Every structure is written in structure tokens, then in C-alpha cells.
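Working notes, beginning with the structure itself.
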Amino acid sequence: LPSKILIKGGTVVNADHQEVADVYVEDGVIVAVRPNIKVADGVRVFDAKGKFVMPGGIDPHTHLAMEFMGTETIDNFFSGQAAALAGGTTMHIDFVIPVNGSLSKGFEAYVEKAKLSCMDYGFHMAITKWDDTVPKEMEIMVKEKGINSFKFFLAYKGSLMISDELLLEGLKKCKSLGALAMVHAENGDAVFEGQKRMIELGITGPEGHALSRPPVLEGEATARAIRLAAFVNTPLYVVHVMSSDAMEEVARAQKSGQKVIGEPVVSGLILDDSVLWDPDFITAAKFVMSPPIRAIGHGKALQAALSTGVLKLVGTDHCTFNSTQKSLGIDDFRKIPNGVNGLEERMHLVWDTMVESGQISATDYVRITSTECAKLFNIYPRKGAILAGSDADIIIFNPNSTFRISANSHHSRSDTNVYEGRSGKGKVEVTIAGGRIVWENEELKVVPGSGRYISMPPFNYLYHGIDKADANYLASLKAPVNRI
Ligand code: DUC
Ligand code: ZN
Ligand code: ZN
Ligand code: ZN
């Protein structure tokens, strides 16, 4: 493996600036970015004239090797990451799931799973129930384990869902630790009721999934979580914003000065719910995820919100199950394992949908696929930039070539792809991850165990202007009245 790489004459794109320059890499790190770099023999040289040289993608939202709904995702840390690298993503942040409610046991389990890694990764942690051990363990995760974000579920009644009371506890704890609280925002009680109603009506197929949990329930939970975060005076990250209902709540909060981040996912940006009515069960069931894929206008609204900056980064919620696993719900949509693919497809689809269509620039593309995520989770400029000193996570992207997606050629272990048959403009021709050339000439060269855990420190800038003692809130209570 060459440890020295020169990428010549490409247009180097960062989130704030693009220019024609060479990029020189040594031992996994970018050493220089400037025109006309001269090197000695023994350096691997790529000619990138007419191509874009961009930071590898960072996917803020994935589930690899996750046990869920009676089964386990078909992509593990090797297959999922290999797929990611083939599609130009060089880092992802996965959700650690506690083991029997224990955060530290969950963390250890994910350390084991991630030993297969062939690319860099970080962890968020899901909070699946709440007891006295949780706040103590959250502190250990932040101070010792490199986790700076915790996800709370307002859906999945009876398993993952927590009450508003416990969400408030979680928000306060995140605030005291300088961690970012994340929410899965759907009203779980109402979803539960909606599901029962569908079954009573005899609607047991995948379309019942969408009908049982409409956008209004996502809008309600998003608004509620945002208001509770305002009450605690702490930032909030809303994962998988799938509806304009939820996006508008994020926009409203931002207008009033609240720090709320909304994360759309690729499926929500470009798919529409008509697929759930397909008469073939698997063809429909492969699209079942939560929150569900919405009617077509929602995706267009989310795209517009990305171009105006209301939404600032794009994830996937990559959570793959094969046809056999999806068939667990053949008689009852409530048993279809929730999740779709996207880790391999995100970079191509976002380019085609947002840049090729003229909605955003190449610099914006780098921002929403990589830089914003790195900044948000405190790993910039090591990640998310083509700068001297940054990790050599680089893609060479040919805007004049084309991509085509199919389960026959993808690198995920799933036997289906929710983007089957889609094609578009732009192609990741080369992926360099940690200075290793891992994707070239349509071939992967990946090594299990070569990926590194990227520790993410607690926040500083995100909390700028937010007093940790919550002075604003306390002051608003005013002095107590002395009564005789
Ligand atoms: N939604 C999914 O579709 N899969 C994983 C978890 C989730 O919330
Ligand atoms: Zn410049
Ligand atoms: Zn979720
Ligand atoms: Zn998820």
C-alpha cells in the first residue's frame, strides 16, 4: 500500500471554498494542499483534472450489526463500511444500543462488533430505559468513552419509548455533560393506537405502516421535544426528519433563536410513499422504516429546507434487512423489521438530487455530506476537510460520469435496494480512507480491523451562550414573595 499519494490538478472542494490545487498525502494525513506540488518517485499519482476532490462523506446516522425487532441488521461493521467506502463515505456514526439497559455493557458489545471495521467510525448512544445507573453511565460515556450524543425515543411504545418526565431528565443530564440530546420524534402512544386501528380495519400490509403513523404524529413529537429542550435550555438534534410537519417545527425554533438541528435522511428526501402500496409484499416491505416514507411533497420540502440552510446535514438511518427478515411481517406490518439502506448510495444520490439539479453548490454539498457533521460532533478539522493536517479521507469525484444502483452490484449484504434501478450524474471514482486507497476502478480493497474509533469530545461552541446553571430559567422564576 503506497503511503504517499499525490492527487493532481483537481478542483479541491471544502465547505467554504473551492479551487484547483494538488493534494499531497503521507502516512494517512493530508500534508499539503496547493498548486504544483512536486514529488519524488515512489508516490502514487492520480490525475484529477476536470474532477472534484472532496472530503469523504460522514454519515451521522447508521445502524450496523444492530439487534432489532427480533432479528439483526444484515450489514455488520465490515459489510456496511465496505459499502460506504464504495460510495465515497469514509466515516459514520453508529448508535450503540445498551444491553439490558446497561450503557457500559452496550458500549463493550459495540467495541466488539466494531473490531471488523475497515473505516473510521464514532458512536452515539441510544437511551432505551431510565434508572439511577443511566445518568452515572452517561457521564462515563462522555468523560471516558468518547461519546458526546445520546438518543431518546418518543416512539416504540413498550420497548424503547420513554416518557416526557424521563426525556426531561435526559435533556438535563445531556446539558450538564455538554452532550447533544437527540430524539426519535413520533408520538409512540398515538402510533400504537394507529396500528391497532389498521389491524382492526384488516389493513395488515406495508401500507398500514404509513397509515398508522402519519406526519401529524411526527410534527407533534418534534414540537414537544423542541419545547422541552427550550424549557431545559439545551440544544436538540432531531434525527430522521421525514415530514414537512417536523421540518417546520425545526425552522420555527431556529427563528426564535433556539439551537435545534434537523437531520433529513436520503430516503426521506427522494422516495415517496406510493411504494408502500406495491402489490408485491417484499417490494413494498423493503421501504418500511420509521418514521415512514411520506407523500411526495414532503421530500421536496426537505430538499428546499436543505438549500435554505434550515436543515444542515444529511444522514441515512442505514438499517438493512434482507427479504427473509422483512418477511417476518408478511401477516402483520407491525412485525416488519424497520429500516432501509443508504450508506453506499448517499453521496451519489445527494449530488444528483441537490447539486446536479441546481439546488445547491459543490461547496454546500461538502458541507451537508461531511463538514457540518464533523463540526457538529467536534471532530473538525481532523474530519470533514481537505486541509493540511486533516485525515486523508478523500474522494475523487467525476461529475461527468454516471452512477447506477442495483442490488446486483451494491456492496451491502442485503438482497434488495430501495434505490433499485436509479441512475444519475456523478461518480465516486476513487475513495481514500485514512490514507489507504480503498476504492478504485470499481474495486474495493478493504481490510477488516483497519478502521479506527474516533472519539468525540463534549461540546463547547454548541453551548455558547447557554449558561450551564440555567441562569435564564432560574431568573425567570423571580424572587420568592415574602408573605407575613
Ligand atoms: N427507524 C428505522 O427505520 N430503523 C431503525 C430505528 C428507527 O428508528
Ligand atoms: Zn484558496
Ligand atoms: Zn429512529
Ligand atoms: Zn436510526
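Taken together, the values in this text are just the output of simple stated rules run on the coordinates, not laboratory data. Quantities reported herein were computed from a predicted structural model and do not represent experimental measurements. Cβ atoms come from the backbone with ideal geometry, glycine included; neighbour counts cover every protein chain shown.
Over the stretch 1-121, the hull volume per residue, using the convex hull of the C-alpha atoms, is 134 Å³.
Compute the convex hull volume of the Cα atoms of the stretch 190-235, divide it by the residue count, and report the result per residue in Å³ as a whole number. Write out the running numbers ahead of the final one.
Details: hull volume 3.0 nm³, N = 46.
Residue-normalised Cα hull volume stands at 65 Å³.
Mean sequence separation of contacting Cα pairs (under 8 Å, at least six apart), scaled by the length of the chain, corresponds to a relative contact order of 22 percent.
With 0.36 nm allotted per residue and the present C-alpha distance subtracted, the SER104-LYS143 stretch has 12.8 nm of extension available. Between the beta carbons of ARG227 and LYS196, assuming R0 = 25 Å, the FRET efficiency works out to 0.35 to the nearest 0.05. Helix 244-255: angle to the longest alpha-carbon principal axis of the chain, degrees 0 to 90, nearest 10? Value to nearest ten degrees: 90. For a straight C-alpha distance cut-off of 25 angstrom, the lysines reachable from LYS49 (same-chain residues fewer than eight places away being disregarded) are LYS4, LYS8, LYS38, LYS383, LYS425, LYS427, LYS445.
When a/c reaches 1.5 or more, the comparison of a/b and b/c decides; with that in mind, is the stretch 386-448 rounded, prolate or oblate per its Cα gyration tensor?
Oblate, because a/c is 1.5 or more while a/b does not exceed b/c.
DSSP finds beta bridges in the chain, and of those with both partners inside it, around 50 percent are antiparallel.
Relative to the dominant Cα principal axis of the chain, helix 164-177 is inclined by about 50°.
Put simply, the convex hull of the Cα atoms in the chain casts, on average, a shadow of 23.8 nm².
Principal-axis analysis of the Cα atoms of the chain puts helix 215-232 at an angle of about 80° to the longest axis. When the pairs LYS151/LYS335; LYS259/LYS300; LYS51/LYS151; LYS136/LYS326; LYS175/LYS196; LYS255/LYS375 are compared against a 26 Å limit on Cα-Cα distance, LYS51/LYS151; LYS136/LYS326; LYS175/LYS196 fall above it. Other residues lying with their Cβ under 15 Å from the Cβ of HIS410 contribute a combined charge of -1, Lys and Arg counting +1, Asp and Glu -1. The eigenvalues of the Cα gyration tensor, multiplied by 5 and square-rooted, give the stretch 238-371 an equivalent ellipsoid with semi-axes of 28, 16, 13 Å from largest to smallest.
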